[in-house]
Amino acid sequence: MDFTDVDTKWMVVGTNSKRVSLYSPGPFNRRYVGEKGIGRFAVDKLGSQLLIKTKQQGADKRLIVHIDWDYYEQKSVESTDRQMSLFTEVDNEYHYEDATPTDHGTTLEITNVSETWSSHDLERLYKELSRLVSPFYPLNPPFNIYMNSNENGEYKMRLVKPDPVKFYSHHAEITFDLERQKQQFLRYDKESGKILTEWTEIKSFGPVKFKIFYFDEGAKKRYNTAYKNDDTRIDGVKIYRDGVITTPFAEYHSSQNHKRDILGIDKRRWRAAFDKPSTREIIGVLEIKQELNPKIVDATNRQDFIDNDEYRQLKEFILEQIDIFGDVKIHDRDLNRSVAEMELQKAGQEVKNFSNAIEKIERELIQDKPHLKEKLEPLKAQVQHLSSTITASIKEQKKFQKDVVRKENIYLSLMSLQDYAANISHAIRTSLGKIKRMAEFFKINFPNSKFDRLFIDYASLINEEMNTLIKVTDFMLSYASSDVQFEDFSIKEMLEELFFNAYSQTFRTENINVEFEFKDDFIINGNKKFLQDIFQNIISNSIKALKQRSNKQIKCSAFLDDNSFILFFSDNGPGIVKGDEKWIFGLYNTRTAEQGGSGIGLYIVEKRIEALKGTIEVVENEFKPTGATFKIKLPFNKN
Amino acid sequence: MESYPLKIVVIHDGLIPKIDPLLVELGNKFGEESVIHFENSNKGLEYVLDNLNQKMVVLLDINFSHGELSGIQVFEDIKKRTALVYVIMITARSLNEISHPDLITMINHDAMAIENVFNYPKIIELVEKAAHKMETRVDSALEQWINSHSEADRERPYLTTRTGKVYTLTQILDEIRLQTPYGQEMEGNILMLAIDLLARGKKEIND
């Protein structure tokens, strides 16, 4: 900078708006950042005295400007209208020093620091500064930061360097090709268990480069040993724009739990997906450019990006790419498991071979040598013992695995039970609310002939609401009762039971023709009653809907697709009124109030299916011209 | 012109249609025709936004069925358009079940109260309070004054702005109720003028 720069730019607010060029002059060609032009004033938060030492290349003197923020403070207090004086109104001291002509650059020296800087604070600053510039796409000429402290000997013009990424177990990266207008993305190959890259169209948010380093258990252990358990270094994905970090990610939090997770990487894990990688297993560097990704814009408070379609898609893209490592995680775990199992089986086989060999020796070589035979006996016993131990181990191993799966399933179900309980208690409270209001009305107004009609209505409504409450608690009890346990059961068998036993009599008397088409079966580990209720509800709805029909049909079909078990359930009743497809799942929403419908059945059906992480929806009816078809989707459990 | 009657718009899907004690008591207190009940939040919001030139108190539930706007969304949409409608949130939930961001939204955008739907006498009290507040507001005072004029006077050009736009008395009232920039400016001016007159002793209270 020269004197004019300091006078007309450095000390004036909002100079960025005056820029004509987007880039600083060569050889730097750096993109100007900061839209408001006020960031530089933040130095007064650090200390009250600032010395700007600056010199342009070729100039023979160095300009020294001394800024005393206390003086500004004092002036603003003194001024009668309490209005802060303009910066330009204050004359700052300055002078020139001799300097070597080839020297150039600017130093900001902050003194009278307002807070104590412990070595911990300095270390933290170092760590944050080390993340400022992308470790993989460094700026050229380099952007070097030196930290200098007169009190702490460790920081004597110390160059701030980005952390090298070491000890990771898996790594992948993607780039783009502007000429062909293509973006690379990662794909997990199930067969080989490897991560591959493929090309696709450039996305709405523009082309990006992305490097991901994944740390599995072993890698994390190595990492923690090397860095003395400082795992704040593995901290998720950071976004760099034109080589410089975007602000939301630069924020430091000493506690992992308070870290910002604006990309929503960790949030998903609690929702169910335990196999998704967390921010503590990943270091990711995503590179964007102002020109190529103009729609990714920092929010004014610098806490996130502006929420638009492009940013949402970018977030989704990032999550998709990270999830690839989740698949790798599962693959590696399965591999480890089967390796252990295979080793055990191999050992078992070898022991068997050994035992056979001993028997052979016994038969062929030492039949008539009793002293040798005696010596062989303990060996034989040992082999037998070993063999049975190994067999037991294999059994144990298998049992353990099954147990793990079962425990995970229970855990998932318990988590969703919480949601389920919250929803049901809302239903109960709504009913109680109605009853309480009616009871209160009695208390306040009875007797009053003006309301006689209402009193009668309320009495019967209170009775009805009580019945609703009994129904709701029955539903809850069917899940909570102690005799109901988690078990493996076949959905096909469960439905056959319902269709051909429980309901067969009703179907016959109602003259309903039943079609049952199961291409595949699906074994579920869970509460059988819980699922049975779902189908009982749907079946009884259909029976009601078919009351007035002459040619009555119910059809239930099921098959497996890649990720889930899909069930279709149809009847040829009057169908669901257009526009009601979502509404019918709402609490107390019913179009059959006259026939005693309370609007609870489908509400509970949906909540239960959601609790199983599945979905239910009304799709186009299978039977023409009228009818209703429900599609139920149950996702596979992760193993 | 009849004074715009106060409308009490109840947007709630957990009430007994037509005869819920809350609706009956509101009808008793404020006149049956003043109480309008919507079970569907989308329709309720539509009604409120179409009738912003009326005096309105909205009683709003927080949870709605799938495919409908949530109570918070309805609340935000109303407050985006006007600050003159009083919104009382009524819910079957307990306060600690409402998410923090939702609570913050309600406080920051001036929800008048949050009350449990169990407690209907309390809700009626709140509506009475809102109705009273409303009566003492600039737009209501102005309405009363306008009503003392003949219909012809009310529709006659009354004010010309610096930009040359002409307003009748009825239009000025609408601008204030709809909280347009002109309406907001006008509201401020009327209050300033009233205070000015009082201060100079040109007018006394109860005069």
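Points worth noting:
- Taken over the range B:139-195, the residue count meeting the criterion of being free of Cβ contacts under 8 Å to residues at least 40 places away in the same chain and not in a helix (DSSP H, G or I) is 17.
- Residue tally, condition within 15 Å of A:Lys471 (Cα to Cα) and either more than 11 Å from chain B (Cβ to nearest Cβ) or modelled with pLDDT under 80 (or both), over the range A:585-612: 10
- Odd one out for A:Asn144, checked against (1) loosely packed, with under 14 Cβ neighbours inside 10 Å; (2) touching a Pro at 6+ places or on another chain (Cβ under 9 Å); (3) outside the structural domain of A:Tyr214 (by TED's automatic domain parsing): (2)
- Among the residues of the range A:513-553, the ones that are among the charged types (D, E, K, R), more than 20 Å from A:Asp488 (Cα to Cα) and assigned to a helix (DSSP H, G or I) come to 1 in all.
- Residue check, B:Val87 within 29 Å of B:Val138 (Cβ to Cβ), outside the structural domain of B:Pro181 (by TED's automatic domain parsing) and either crowded, with 23+ Cβ neighbours inside 10 Å or among the aliphatic types (A, V, I, L, M) (or both): yes
- Residues that are of a type in the set (S, T, N, Q), closer than 18 Å to A:Glu291 by Cα and buried (at least 18 other Cβ atoms within 10 Å of the Cβ) within the range A:168-225 comprise just one, A:Gln183.
- Among the residues of the range A:559-584, the one identified as surrounded by 15 or more Cβ atoms within 10 Å (Cβ to Cβ), more than 33 Å from the chain's Cα centre (by Cα) and within 14 Å of another protein chain (Cβ to nearest Cβ) is A:Ile576.
- Those residues of the range A:162-177 which are over 21 Å from A:Asp327 (Cβ atoms) and assigned to a loop (DSSP other than H, G, I, E, B), in sequence order: A:Pro162, A:Asp163, A:Pro164, A:Val165, A:Lys166, A:Phe167, A:Thr175
- Test for A:Lys547: is it basic (Lys, Arg), surrounded by fewer than 16 Cβ atoms within 10 Å (Cβ to Cβ) and assigned by TED's automatic domain parsing to the domain that holds A:Lys613: yes
- Output for the range A:152-167, where each listed residue is more than 20 Å from A:Val285 (Cβ to Cβ) and either surrounded by 16 or more Cβ atoms within 10 Å (Cβ to Cβ) or free of Cβ contacts under 8 Å to residues at least 12 places away in the same chain (or both): A:Asn152, A:Gly153, A:Tyr155, A:Lys156, A:Met157
- Filter result (over 17 Å from B:Gly27 (Cβ atoms) and surrounded by 17 or more Cβ atoms within 10 Å (Cβ to Cβ)) within the range B:118-134: B:Phe118, B:Asn119, B:Met134
- Output for the range B:103-139, where each listed residue is within 13 Å of chain A (Cβ to nearest Cβ) and aliphatic (A, V, I, L, M): B:Val117, B:Ile123, B:Ile124
- Condition met for A:Ile245 (under 13 Å from A:Lys166 (Cβ atoms) and modelled with pLDDT of 55 or more): no
The values are calculated or read from the model by the stated rules, or taken from the named source; none is laboratory data. Because the structure is predicted, anything quoted here is derived from the model rather than measured. For neighbour counting, all protein chains shown are included, and Cβ atoms are generated from backbone atoms with ideal geometry for every residue, glycine included.
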